[in-house]
Amino acid sequence: MKNKLFVLLSILLLFVTLGANNPDEKGGAQDVVRELTDFQNALLNWMKGFDSIKNQFSAFQKEVEQSLAPLKDFDKTLKGTDEKMNAVLAKIDIVEKSSSIAEVKQLIEAFGKTFDVFKKNMSDLTKRIEDQEIKNAVLEKRVMETQKPIEPVKKALEELSKVVMEKLSDQEKRIVAAEEVMKNRVASLDAATKSLDGQIKALADLETRTKKLEKGGFAVATTAALTPTPAPQASPGTETAAVATVTGTGTVEGVREQHVATLEEEGYKDIGDGFYLRNANVTQFGSSSQIKGEIKNTAEKDRSIAMFVIRVFNASDAVLFSQDFSIKTFKSGEVRNFSEIISGYTPLDIAKYEVITKRRY
């Protein structure tokens, strides 16, 4: 482009030289050269401005790629501009071959009209870019405004999450404490079981010794005082008594009778249908309560399923909670443990409770 412009200037200088030899056309040639020089300067400035705008447009295109759809028409305009520039170059070629100053003036006027069109297109493009920047700024502002109402919700969610985590931690501590209590209860139950086994063994030894005494007996002189024999150690819940009887031979035969404690004396309570309850108690279980105890089947028959019901009362004797539970394969003479959770009520809410037999199968 620039090389062709220099060629055009050379031709115009040639015209000026020729015009200097012809006095009539001298003034016209100088005007043409002046206009052509001004046109060249304007063209160079326009090209620089066009390059600058093109760079700005490229930078803006990288930042707002999604907003460049309306600017596709500019590509078409550039293509049209290239075609027009090609036409201008063709006209310059014609000028190079022409020797008429009038034709040069017409060409310059055509250039001026073309540049007016370029200026208008560039002005429209600049306006579109400015409008797009304004739209982007408004869009960013709206996005920031839409985020403001979400901030309280985020803060509330964070606080709620914090409260939930605290409650979960507190619940875990209660569960750990409840597990520790259950372990202690199990240990106590094991100790009680061992103690009961020892008592049963002592009772069996006592029964064996009693049978031996019943079979062998013992004799003393009628004139002699009855020497008391130390009573063997009896297990809890049993009592023994020595009874002296005189036989036909004049000897005194001592018979040791054994007293078997009743279920009530052993701490059992009749709950109906041949079942007895003992060692029932209420303990804390988290935010609820737990009722534990042991039930003995004194009926003559085994029970495939034994049904029971727990009722919990407040201080006004109103029923707070009622729950059924069952024990499967409950054999006659067997003692079974039970443990039931009373949901929603702590031991402080419970004034009294009862465990009774519901039905049998």
Q: Taking H placed 1.01 Å from N in the peptide plane, check which residues at least 5 places from F285 or on another chain put their amide H under 5 Å from its amide H.
A: Q290
Q. Using θ = phi - 60° and the Karplus curve 6.51 cos²θ - 1.76 cosθ + 1.60, what whole-Hz ³J(HN,Hα) does each residue of the range 260-277 get, with Gly and Pro shown as x?
A. 8, 5, 7, 4, 5, 5, 7, x, 7, 10, 6, 10, x, 6, x, 10, 10, 10
Q. If the cut-off is 28 Å between C-alpha atoms, which lysines fall inside it for K358, apart from same-chain ones fewer than 8 positions away?
A. K269, K292, K296, K301, K328, K331
Q: Just the Kirkwood number for the range 269-360, please: inverse of mean 1/r across all distinct Cα pairs, in Å, one decimal.
A: 13.5 Å
Q | Nonlocal amide H pairs with Y345, under 5 Å, H built at 1.01 Å | A | S289
**Q.** Translational diffusion of the range 98-188, µm² s⁻¹ [Kirkwood Rh, Cα pairs; Stokes-Einstein; 4 °C; 1.567 mPa s]
**A.** 61 µm²/s
Q | In order through the range 318-331: 3J(HN,Hα) via Karplus (6.51 cos²θ - 1.76 cosθ + 1.60), integer Hz, x for Gly, Pro | A | 8, 6, 8, 7, 9, 8, 8, 8, 9, 10, 8, 6, 8, 7
Q.
Only counting other Cβ atoms within 10 Å, I'd like V117, V153 sorted with the fewest neighbours first.
A. V153, V117
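Read-outs: derived from the displayed coordinates by stated rules, not from any lab. Everything quoted here is computed from the prediction, not taken from an experiment. A quick note on method: Cβ atoms are made from the backbone with ideal geometry, for glycine too, and the neighbour counts reach across all protein chains shown.
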